[in-house]
Amino acid sequence: MRFLFKIAAIAVMLTAGVGVAKADTIRCPLDQARRTITDNLPSGWWTTPMVNRLSETKVQNIGGKPALLCIYGTSGSVQREAPAGQACRAIPGGFQCQASGGAAPRTAATGGLDIPQTYMFDLDRGGVTQAGADFWFQAETASLLYLVPRNGARIGVGNRSNRGAAGCAAARFTTDRVSLRDIPVGSYVCVRTNEGRISQFRVNAISGGSPKTLSIGFTTWQ
């Protein structure tokens with residue numbers, strides 16, 4: 001059985017300013033993708049194609065190189081290599097890429113947060129809030145504590161080093177919850193927020209006793 005994507009659009013290149021440097025916005029090539037069986041069928045049989053809209057974009061290392069993936073639900077994905085010499089991050093509908101070594105990306109929000117156990121917090125604007133929250137500080141028990149991505153946000157623990165905007169843009173992200181045991185005090189953690197921004201936070205402290213408070217310092221880039 002073979003599957004085939006029906007191409008319905010082409011990639012569009014746009015230019016946008018980030019700080020004082022130029023950044024390229026690479027749009028995904030399709031608004032939706034069609035997956036269907038192409039084998040010849042006996043008389044009286046037919047197939048119903050699967051058509052899905054663009055559901056997700058992400059930057060992922062493939063064969064040791066960063067690749068740009070446009071994902072269309074169960075219809076599959078299309079991908080390309082990131083432009084040479086550029087660091088890319090996923091944004092809704094595509095990717096924003098900037099020459100490595102260029103001007104620092106513009107900051108959307110930065111600061112510190114003290115998050116009480118069971119509360120939610122947002123990194124796009126910075127705040128302990130339920131509105132547009134990126135994470136929930138979950139307490140399964142007094143000792144089993146987790147950060148749970150919410151509303152489409154994703155987390156990339158990696159090696160817990162300070163990777164900055166470019167490093168986090170190429171991080172591997174997941175929607176799985178992360179145990180605080182895996183990100184002890186001093187850990188740097190990459191995030192793709194629910195609004196598509198790249199962010200990084202440092203675990204500054206976890207209070208003693210119960211309930212606990214998680215203290216972080218964060219920077220979110222445009």
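Here, each number is a calculation from the coordinates, and none is a lab measurement. No experiment lies behind these values; they were computed from the predicted model shown. Note that we place each Cβ from the backbone using ideal geometry, even for glycine, and neighbour counts take in every protein chain shown.
Descriptive notes on the structure:
- Normalising the average separation of contacting C-alpha pairs (under 8 angstrom, six or more residues apart) by the number of residues puts the relative contact order of the chain at 16 percent.
- With both labels modelled 7 Å from their Cα along Cα-to-Cβ, the I37 to Q79 distance reads 2.8 nm.
- Relative contact order for region 107-221: 29 percent, from Cα pairs under 8 Å spaced at least 6 residues apart, divided by residue count.
- Dipole magnitude for the chain: computed about the Cα centre from +1 point charges on Lys and Arg Cβ and -1 point charges on Asp and Glu Cβ, it is near 380 debye.
- Förster radius 41 Å - calculated FRET efficiency between N61 and T118, Cβ distance, rounded to 0.05: 0.75
- Total charge dipole magnitude, region 107-221, about the Cα centre, Cβ charges on Lys, Arg, Asp, Glu only, Debye to nearest 20: 280 debye
- Alpha carbon centroid spacing (whole Å) that separates region 161-222 from region 137-154: 12 Å
- Region 159-222 shape via C-alpha gyration tensor axes, a/c threshold 1.5: prolate
- Orientation-averaged projection of region 81-212 equals 8.2 nm² [convex hull of Cα atoms, one quarter of hull surface area].
- Over region 57-109, relative contact order from alpha-carbon pairs under 8 Å, at least 6 apart, %: 27 percent
- Note on the chain: helix-only mean residue ellipticity at 222 nm, from DSSP H runs of 4+ residues weighted -39500 (n - 2.57) and normalised by residue number, equals -500 deg cm²/dmol.
- Calculated FRET efficiency, A99 to D176, Cβ-Cβ distance, R0 = 41 Å: about 0.80 to the nearest 0.05.
- Considering all C-alpha pairs of the chain, those separated by over 29 Å amount to 35%.
- 10 Å Cβ shell holding at most 13 others, DSSP loop, chymotrypsin sites (Phe, Trp or Tyr not before Pro): longest site-free stretch of the chain: 47-222
- ³J(HN,Hα), Karplus 6.51/-1.76/1.60, whole Hz, each residue of region 50-57, x for Gly, Pro: 9, 10, 10, 7, 4, 10, 6, 10
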